[in-house]
Amino acid sequence: MKASDKASGNSTREAQDLDPVPAKAFSGRMLALAVVMIAITIMLAPTVRIFLEKRAEISALEAEIASKQAEQAELNKQLSRWQDPNYVKQQARDRINMVMPGETGYWVFGGEEAAGTPGGRTGSGSSANPANLPWVDALWESIRRSATD
């Protein structure tokens, strides 16, 4: 009978071992893990912030470099144009009214005035070229035209 008691005792012990153990809702390990995670977050936050700021600064500098390279390409294009003697001649004619030897240059004054109007006045009674007016009169004329047009 003792053997059967041992067998029945073992089965009861095995049944007790198989019963689930209730989990603790709060443990020291969880607290330690939470403290470590908070410490890591506090130590890394400034580093991540600096990293993001530097990435934004790099992006801004890359955009500035691209714009400067485009400007440089445009200036190189203008420089190559100025190396052409025909372009230089054309600019001299347009900008400072130079003429080639044997040519005759003509200047026409008052070309913007309306033909047949007395005193060179247009129908609205103002000067055809506001650049010839003093700045105060040009401003007043601009305001008057914007109100009537």
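Side notes on the structure shown:
- Accessible area in square angstrom per residue, the range 23-88, 1.4 angstrom probe: 90 Å²
- For the range 31-88, the carbon plus sulfur part of the accessible surface works out to 69%, probe radius 1.4 Å.
- Solvent-accessible area of residue 87 with every protein chain in place, 1.4 Å probe, in Å² to the nearest 10: 60 Å²
- Each residue of the range 95-109 was assigned a 3J(HN,Hα) from its phi angle through the Karplus curve 6.51 cos²θ - 1.76 cosθ + 1.60 (θ = phi - 60°); the sequence is 7, 10, 6, 7, 10, 6, x, x, 8, 10, x, 10, 10, 10, 9 Hz, with glycine and proline shown as x.
- Among 97-103, 61-67, sorting by the average number of other beta carbon atoms lying within 10 angstrom of each residue, highest first, gives 61-67, 97-103.
The values are calculated or read from the model by the stated rules, or taken from the named source; none is laboratory data. Since the structure is predicted, the reported quantities are computational estimates derived from the model, not experimental observations. With ideal geometry, Cβ positions are generated from the backbone for all residues, glycine too; neighbour counts draw on all protein chains shown. Accessible surface areas use protein heavy atoms only, side chains included; no ligands, DNA or RNA. Shrake-Rupley method; radii C 1.70, N 1.55, O 1.52, S 1.80 Å.
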